[in-house]
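This report concerns only the one structure given below.
The values are calculated or read from the model by the stated rules, or taken from the named source; none is laboratory data. In this text, all values refer to a predicted model and were calculated from it rather than measured experimentally. Because the Cβ atoms are built from the backbone with ideal geometry, glycine has one as well, and the counts that use them run over all protein chains shown.
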Amino acid sequence: MDRPPRIAVLGSINMDLVVRCGRLPRPGETSIAESHVEICGGKGANQAVAAARAGGDVTMIGRVGDDAFADRLRANLISEGIHCEWVQTTSGSASGLATVWVEQSGQNSILVVPGANAKLSVADVRAAKSVIESCDILLLQLEVPLVTVTAAIDVARRAGVRIILDPAPAPIECPTKLLDVDLICPNESEAAAISGIAMDTNDELNRAVRELHRRGASHVAITLGERGTLLSDGETSQFVDAVPAKAVDTTAAGDAFAGAIAVHWAENNRLLDAVQFANAAGAWAVSRKGAQPGMGTRIEIEKTRDSIAKNGE
Ligand code: RIB
């Protein structure tokens, strides 16, 4: 491909209110945190930033509210070189908001108030039809209404556009069309929730993979943290090694993976290479604080990926 791959990301845009603490409070407990900061986030916007920094020509399709956060969220995406003509404003609504608690170990808990994200509609998909039809990859997650996501899948399918779904957060109910995608990249708990198979053993993991294929996904890449990624095309499956990283903040590691895999897969059509690149992007992200600030650039991701190749020599 002699131009940057065109990636359309349809999804959520949030302001993250990040609280860092020694450990997360238990139910009913009050404890004192270390710090608080506002960081631009949202799974859709995070994936857009990840893809842009990895070298994609990215268009964001989403909604912000008309509150004080809206301008900052939009300006931040523009500063990353992301096309925002399809980021609409919902009057009378707050922008999406996430409270993100990060404890010392890097683990996090997140509560999302969807705000304007909940207003992203099928009409918005119709309005952005030409963008979806002309992109190389449509990248989706599930913090906006499922009916909107499936409408986008329809448009992309008809146009022969490749679709990647990061099924996060895992849906309570999964419409049939939702898994009619070229690649699904859940983490372990999302794969278990969608397939209905607890994945305690490799045998169960393989059954879950088969179930995701049966429900429509052409390729499956389940991210397994330190165990790497299980990649399957329906006939063969293999583990792709994780890139070792010291976890500082695991927020948006999955978003980093999704944005990076979209760019690399669009560029060279080799999914195995794209998973190695995306594993490195995830490792870079967990070793940095914050969702979007933690996304690696192309050079940073390649160096991270190549460092394990060197160490393994
Ligand atoms: O995946 C991380 C993201 O989830 C955060 O940025 C937060 O906004 C929530 O959407």
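Structural remarks
- Residues that are hydroxyl-bearing (Ser, Thr, Tyr) and under 13 Å from Gly282 (Cβ atoms) within the range 184-243 comprise Thr223, Thr229, listed in sequence order.
- Scanning the range 58-85 for residues that are surrounded by fewer than 18 Cβ atoms within 10 Å (Cβ to Cβ), over 20 Å from Met295 (Cβ atoms) and out of contact with any Gly (no Cβ under 9 Å at 6 or more places or on another chain) returns Ala68, Asp71, Glu85.
- Residues satisfying the stated conditions in the range 23-40, i.e. surrounded by 14 or more Cβ atoms within 10 Å (Cβ to Cβ), more than 9 Å from the ligand (Cβ to nearest atom) and not aliphatic (A, V, I, L, M): Pro25
- So Gly216, is it part of a loop (DSSP other than H, G, I, E, B), touching a residue at least 40 places away in the same chain (Cβ under 8 Å), small (Gly, Ala, Ser) and out of contact with any Phe, Trp or Tyr (no Cβ under 8 Å at 6 or more places or on another chain): yes
- Scan of the range 273-313 for residues that are modelled with pLDDT of 95 or more and loosely packed, with under 15 Cβ neighbours inside 10 Å, ordered by number: Thr297, Ile299, Lys303
- Residue list for the range 256-272, filter: at pLDDT 95 or above, part of a helix (DSSP H, G or I) and closer than 16 Å to Gly55 by Cβ: Ala256, Phe257, Ala258, Gly259, Ala260, Ile261, Ala262, Val263, His264, Trp265, Ala266, Glu267
- Selection status of Val155, within 25 Å of His264 (Cα to Cα), out of contact with any Pro (no Cβ under 9 Å at 6 or more places or on another chain) and either among the aliphatic types (A, V, I, L, M) or assigned to a strand (DSSP E or B) (or both): yes
- Which listed residue, of Leu183, Leu224, Leu231, Leu179, is in contact with a strand residue (DSSP E or B) (Cβ under 8 Å, 6 or more places away or on another chain), aliphatic (A, V, I, L, M) and more than 25 Å from Ser12 (Cβ to Cβ): Leu231
- Residue within the range 223-234 that is under 18 Å from the mean Cα position of the chain (by Cα) and of a type in the set (Ser, Thr, Tyr) present: yes
- On inspection, Val131 fails the criterion of being in a helix (DSSP H, G or I), surrounded by fewer than 19 Cβ atoms within 10 Å (Cβ to Cβ) and touching a residue at least 24 places away in the same chain (Cβ under 8 Å).
- Within the range 95-118, the residues that satisfy the criterion of being surrounded by fewer than 19 Cβ atoms within 10 Å (Cβ to Cβ) and either of a type in the set (Ser, Thr, Tyr) or farther than 27 Å from Ser31 by Cβ (or both) are Thr99, Ser105, Ser109, Ala118.
- Pair list, Cβ under 6 Å, 6 or more apart: the range 26-51 residue closer than 16 Å to Ala8 by Cβ, other residue near the ligand (Cβ under 10 Å from one of its atoms) and in a helix (DSSP H, G or I): Lys43/Asp255; Asn46/Asp255; Asn46/Gln292; Gln47/Asp255; Gln47/Ala258; Val49/Gln292; Ala50/Asp255; Ala50/Ala256
- Wholly within the range 41-128, strands (runs of 3 or more DSSP E) carrying at least 2 residues that are within 11 Å of the ligand (Cβ to nearest atom): 96-103, 108-113
- Residue, nearest to the ligand (Cβ to nearest atom), within the range 4-22, restricted to residues that are assigned to a loop (DSSP other than H, G, I, E, B) and at pLDDT 95 or above: Ser12
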